[in-house]
Amino acid sequence: FKTEKGHCDVRRNHTEQGRALGNWVATQRIEKRRGTLEQSRAGRLEQADFQWKASQWDAMFALLLQFKTEKGHCNVPHRHTEQGRAL
């Protein structure tokens, strides 16, 4: 996922090769917050630049910038989607 998208901020409903990657990512964040995630696993995730807090605002802002680059403006039509997300 990171190789293709450039980040590890996976949406909760995202699947990868038929597997619920988004749910798995959310579980890792929950376990880290609760203190139940093994340190070795947390370390491996951190080495991959894993984001412990989901950055919805930043992700949506990046999509808006992508839209502006493509269209030349920020006047996003109602119900427009960008990479599967509604803007």
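A few comments on the model shown:
- Odd one out for Trp57 among (1) under 19 Å from Lys2 (Cβ atoms); (2) open to solvent by 100 Å² or more (accessible area, probe 1.4 Å): (1)
- Scanning the range 1-12 for residues that are in a loop (DSSP other than H, G, I, E, B), free of Cβ contacts under 8 Å to residues at least 24 places away in the same chain and either surrounded by fewer than 11 Cβ atoms within 10 Å (Cβ to Cβ) or in contact with a Phe, Trp or Tyr (Cβ under 7 Å, 6 or more places away or on another chain) (or both) yields a total of 2.
- Subset of the range 14-54 (residues that are part of a helix (DSSP H, G or I), open to solvent by less than 90 Å² (accessible area, probe 1.4 Å) and of a type in the set (S, T, N, Q)): Asn23, Thr27, Gln28, Ser40
The values are calculated or read from the model by the stated rules, or taken from the named source; none is laboratory data. Quick caveat, the model's predicted, so the values are computed rather than measured. We place every Cβ from the backbone using ideal geometry, glycine too, and count neighbours over all the protein chains shown. Protein only, heavy atoms only, side chains kept; ligands, DNA and RNA dropped before computing areas. Shrake-Rupley method; radii C 1.70, N 1.55, O 1.52, S 1.80 Å.
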